[in-house]
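Worksheet: one structure, shown below.
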Amino acid sequence: MLHLCIKAENAKLRHSVIWLAALLVPVIPAIMGTFNYLQNTDILTGAWYSLWSQFTLFYSLLFYAPLIGVYCSYLWRLEHMNHNWNVLMTMPVSPASIFAGKLVIILKVTLFTQLWVYVLFVIGGKLVHFPGLPPLDILLWTLRGTLAAIAIGTLQLLLSMCIRSFAIPIGIALAGGCIGLVLSNLNMGLFWPYALLMMGMNSNSYEDKMSGGLLPFLISTLFFFLLFFGISIYLLKKRDVKA
Amino acid sequence: MNTAVQQNTKKLRRPAAVEFQKGRRLHLFLIPFGFFMVILLWSVYASKDPSDYEKAQGYAYLFFEMPLLNCMTMPLMIAVLASRLCDMEIKGQTLKLLYTLQEKGSFYDWKYLHEAFYLLLFCLGEGLIFPLCGRLFGFTETLSIILVIRHVAVAFIAGTVVLTLQHILSLCSGNQILPLVAGLAGSFLGLFSMFFPHEIARLILWGYFGAFVPYSMNYDEAARLLSFSPAAFPVGEFAGFCIFGVAFYLVCRSVFLRREV
């Protein structure tokens, strides 16, 4: 059933503008990050790591979560329009499969975005004449950021499912990112899903913030995923739809 | 004479009342309120536990920091506001019916004013953060009411110009992804424009939230201390921006009016 849901969601995304957003939005922090690095080469002496700090400085703090929010709002908007909720809920598949199908698609687009960010990072590094390829750590941080997107993606899907407006969940994601910055500075990032992105991507830092162990990060991600997934399935099963 | 005035007032009131009627139970005030709370939280966090030296320039720091926060948050907040109010017409496919009851231009203007109303609420709220933080942390610097009014006015005017863009994007896009991505990109560009050379930064619409900061920052590396000195208000640049804003609105309005439903 899940396989069918994923296929259906994939079909909905064919020729969608979502891919354009995934391609274009990361280009802006890439240009800005590289430009900012070039402006401050006297104090940024960590080569690839310094460039990474400039790339992720604002991308992961404030814009990654709203971007996931855009993807989620787009996927649910299709259901909120033209009475599609009625069709969706009468399909011979379970609510869990419907939601999981959408989540898989969100993760696919997010993984694409993250890999695109990494490619742009490598291009940026080459443009400023860094030798060789970036250290493997940075690829790991990129993928870890994608892992954190499981929790955020589930939360944003839940918000976009309940809130019929396209824009409000995206605004919530930006507000969540701002609060996440404050909480991660207070070392409470593990308790706030939006802060997990910054922690995962090791934004604005040369040293791995999770060198002490990945387990708390993984537990936190899993906890938020299960919590929001559970609430979503409960709501899909128990609440009447507003078509 | 009196009857003519009454009729005109009624005429004005009707589209305004209709707009606010449409927004009922949408809890629209929550959008500026939510963003206001984020800015408040950030400002309180950034100003907490000040030393005597910091207390003596607490307001200058806030006047410097707040436009930066506006650059980050306001473009997306405006995109959300405009999208929320315009999308109801797109989703409900109400435009054809609406134009049989209301002039196209009137609809465009009043929708815009409705959005601008919530923007004004947000900007006024921001003005309150200064005395609030001052009282909370006991700033010893004297708060300049003129600077507070100037901050509110600049944020509101820069916001209305960005709103012009978001308004037309939201009204013309069947899919709200474009205006929202524009808002997101605007937040990025606005923020980074503050690090650009002056001439380039002035070409970025979203950067104007931070273009009229009343203080410049100096950093003493040896003492590791921040200090702020008053900066002159670029009157000519501001007037030019206002004229551009009006012209931009008129161009967008005319584009919208010519567009087929």
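Since every read-out is calculated from the coordinates, none of them should be taken as a lab result. Predicted, not measured: the structure shown is a model, and the values here were computed from it. Cβ: placed from backbone, ideal geometry, glycine included. Neighbour counts: every protein chain shown.
The dipole here belongs to the protein assembly as shown: it is taken about the Cα centre, uses +1 on the Cβ of Lys and Arg and -1 on the Cβ of Asp and Glu, and is about 2220 debye. Magnitude of the charge dipole for the stretch A:2-238, about its Cα centre and with charges confined to Cβ atoms of Lys, Arg (+1) and Asp, Glu (-1), is about 800 debye.
Quick check: the distance between the Cα centres of the stretch B:69-114 and the stretch A:135-167, to the nearest angstrom? Cα centroid to Cα centroid, the span is 29 Å.
Under the definition of partner shielding as Cβ atoms of other protein chains within 10 Å of a residue Cβ, what is the mean value for peptide A:172-181?
Average neighbour count from other chains, rounded to a whole number: 5.
The residues B:GLU115, B:GLU221, B:GLU237, when put in order of fewest to most other Cβ atoms within 10 Å, stand as B:GLU221, B:GLU237, B:GLU115. Inter-label distance, A:LYS12 to B:LEU95: 2.4 nm, where each label sits 7 Å from its Cα along the C-beta direction. With neighbours defined as other Cβ atoms within 10 Å of a residue's Cβ, the residues A:LEU235, A:LEU158 order from fewest to most as A:LEU235, A:LEU158.
Mind sorting A:HIS15, B:HIS198 by how few other Cβ atoms lie within 10 Å of their own Cβ, fewest first?
On the way: A:HIS15 6, B:HIS198 10.
Taking fewest neighbouring Cβ atoms as first place, the list is A:HIS15, B:HIS198.
Relative to the Cα centre, what is the charge dipole magnitude of the stretch A:1-139, using +1 at the beta carbon of each Lys and Arg, -1 at the beta carbon of each Asp and Glu, and rounding to the nearest 20 debye? Around 420 debye, computed over the stretch A:1-139. Each label was represented as a point 7 Å from its Cα along the Cα-to-Cβ direction; for A:TRP116 and A:MET89 these points are 3.4 nm apart.
Length gained on full extension, A:VAL128 to A:LYS242: 35.7 nm, using 0.36 nm per residue less the C-alpha separation. Computed over the protein assembly as shown, the range of Cα coordinates on each principal axis works out to 73, 66, 42 Å, biggest value leading.
Given the pairs A:LYS242/B:LYS96; A:LYS7/A:LYS237; A:LYS12/B:LYS111, which span a C-alpha to C-alpha distance of over 30 angstrom in this model? Cα-Cα > 30 Å for A:LYS12/B:LYS111; rest within.
Modelled spin labels at B:LEU124 and A:LEU20, positioned 7 Å past Cα toward Cβ, are 3.9 nm from each other.
Based solely on its DSSP helices, what 222 nm [θ] is calculated for chain B when runs of n ≥ 4 H residues each add -39,500 (n - 2.57) and the sum is averaged over all residues, nearest 500 deg cm²/dmol?
-25000 deg cm²/dmol
Find how much the distance from B:ALA46 to B:ALA231 grows on full extension, using 0.36 nm per residue of separation minus their present alpha carbon separation; answer in nm with one decimal.
Full extension of this stretch gives 64.4 nm more.
Toward the positive end of the charge dipole of the protein assembly as shown, with +1 on the Cβ of Lys and Arg and -1 on the Cβ of Asp and Glu, the farthest Cα among B:HIS27, A:LEU218, B:ALA155 is that of B:HIS27. The stretch B:218-255 and the stretch A:16-54 have Cα centres spaced 25 Å apart. The amide H of B:SER216, built 1.01 Å from its N in the peptide plane, has B:SER229, B:ALA231 as neighbours under 5 Å, considering only residues 5 or more places off or on other chains.
Per-residue extension of 0.36 nm, minus the Cα-Cα distance of B:HIS198 and B:LEU30, leaves a gain of 57.0 nm for this segment.
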